[in-house]
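The values are calculated or read from the model by the stated rules, or taken from the named source; none is laboratory data. From a predicted model like this one, the values you see are computed outputs, not experimental measurements. Reconstructed Cβ throughout: ideal geometry from the backbone, glycine too, with neighbour counts over all protein chains shown.
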Amino acid sequence: MREGPTEATRLKTWSALAGQRRKPSEYEVVAVDVHYINDHAQPGRSGPALQSLGSDTYVNQWYQRNLIGSPLRHDDWPSFRDPEEITYRRYNIIQEGQEHYVAEVLDRFSNEGHDPGLDSEWLEVLARLYTPGRYLFHAAQMASAYAATVTPASTISHCFAFQSADALRVVSHISYRTIELARAHAQYGFGEDELSHWEKSQQWSGFRELMERTLVVYEFGETFTALNLIAKPAIDEACLRQLARTARRFNDTVLDLLSDAVLKDSARSRAWTAALVKMLSKSDANTAQLRTWIAKWEPLADKAISDFCSALPDGERATIAARQATRDFRATLGL
């Protein structure tokens, strides 16, 4: 007697999630194992990242050098999870609420005549240290966007993508405030002198060098270290927290509140950064490699903080506080 064909067991979810024996969450469905590069594109694996192309093609050589050849190792990269499980839908819901808050701040203080009453000393600081900052945050956005393309797991790529969007959010805030300040105080060069300050001023030279170097580090592990363990903490502590602290002394409530809103994004970025470091730190070799990279990049961040904060009215205190805060952050990660 001839037996009929045996019907294959039908999967009820994506194969990558089938083993967990429960309904996957929205985050798992849209973020887990959705890379356009295949499983070979992980550090320590063999084979081209894109099997549809030859191993000698430029794109596969790029992934070989900067991803597959990374000194960082892990047996199960796709197991990484964002602690807050941010999806595109959830990100937009969160940021819609945040931007409603920002709009209310801007409208309220505009109606109350906030900008015309700002102190002349503080306006000079804003012209040199705040409005040129859109170039810095644009550089951070570009670095994050690149990093999203060269990770061993789609869940890590998602985190970098949202981090990139966070930086663009800051660029839009600074651009909006630049126009408002230009309308109230045209004589300070708002909207005209920012590029010159960014390219030529001593106070920006450290961050300029730090981000230029970060943008040309292409390997996955060192990009993560330079950006998330060094550059972003330095930017957060100097250009957001310390600048906002000084703003409070000069009664610039708008800058203080805008910085506070952006630091919520930074906290989310630090949370997934900590989760990835914890995952990597299960290997002593990974920890040693991260510390080697930190030792290489930390002096650049210290110089950037010093150059920027020394131009603040309370520069010495701000420099010490910002540097210490970056070290405290890394210390919480065991680095």
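The condition (being touching a residue at least 24 places away in the same chain (Cβ under 8 Å) and hydrophobic (A, V, I, L, M, F, W, C)) is satisfied by just one residue among LEU50, LEU72: LEU72. Against the numbered list (1) over 21 Å from LYS264 (Cβ atoms); (2) more than 19 Å from the chain's Cα centre (by Cα); (3) part of a helix (DSSP H, G or I), ARG177 comes up short only at (1).
Residues in the stretch 151-173 that are more than 15 Å from PHE80 (Cα to Cα) and surrounded by 21 or more Cβ atoms within 10 Å (Cβ to Cβ) were compared, and the one that is nearest to the chain's Cα centre (by Cα) is GLN163.
Residue under question is ASP284, and the condition is that it be surrounded by fewer than 16 Cβ atoms within 10 Å (Cβ to Cβ) and at pLDDT below 95; does it hold? If you could, list the steps in order and put the result at the bottom.
Values: surrounded by fewer than 16 Cβ atoms within 10 Å (Cβ to Cβ): yes; at pLDDT below 95: no.
Considered against the rule, which asks whether it is surrounded by fewer than 16 Cβ atoms within 10 Å (Cβ to Cβ) and at pLDDT below 95, ASP284 comes out as no.
Within the stretch 113-141, restricting attention to residues that are polar (S, T, N, Q) and under 16 Å from ALA311 (Cα atoms), which residue is surrounded by the fewest Cβ atoms within 10 Å (Cβ to Cβ)? Among those residues, the one meeting the criterion is SER120. When restricted to residues that are within 17 Å of VAL217 (Cβ to Cβ) and either of a type outside the set (Lys, Arg) or under 19 Å from the mean Cα position of the chain (by Cα) (or both), the stretch 60-89 contains 10. Taking each residue of the stretch 257-285 that is outside the structural domain of LEU243 (by TED's automatic domain parsing) and looking for partners that are crowded, with 20+ Cβ neighbours inside 10 Å with beta-carbon atoms closer than 6 Å, six or more apart or interchain, yields nothing. All conditions in (1) touching a residue at least 60 places away in the same chain (Cβ under 8 Å); (2) closer than 24 Å to GLN289 by Cβ hold for THR87, with the sole exception of (2). Which one of these is farther than 29 Å from THR149 by Cα and in contact with a helix residue (DSSP H, G or I) (Cβ under 8 Å, 6 or more places away or on another chain): PHE250, PHE224? Of the residues listed, the single one that is farther than 29 Å from THR149 by Cα and in contact with a helix residue (DSSP H, G or I) (Cβ under 8 Å, 6 or more places away or on another chain) is PHE250.
Out of ALA148, ALA182, which single residue is within 21 Å of GLU85 (Cα to Cα) and aliphatic (A, V, I, L, M)? Reasoning before the result, please.
Details: ALA182 fails: within 21 Å of GLU85 (Cα to Cα).
One residue alone meets the criteria, ALA148.
Looking for whichever is at pLDDT 95 or above, surrounded by fewer than 18 Cβ atoms within 10 Å (Cβ to Cβ), touching a Leu at 6+ places or on another chain (Cβ under 9 Å) and in the same structural domain as ALA148 (by TED's automatic domain parsing) here; the options are GLU209, GLU192. Which one fits? Steps first, answer last, please.
Details: GLU192 fails: touching a Leu at 6+ places or on another chain (Cβ under 9 Å).
Among GLU209, GLU192, only GLU209 is at pLDDT 95 or above, surrounded by fewer than 18 Cβ atoms within 10 Å (Cβ to Cβ), touching a Leu at 6+ places or on another chain (Cβ under 9 Å) and in the same structural domain as ALA148 (by TED's automatic domain parsing).
Among the residues making up the stretch 79-112, those that are surrounded by 13 or more Cβ atoms within 10 Å (Cβ to Cβ) and within 16 Å of SER281 (Cα to Cα) are PHE80, ARG81.
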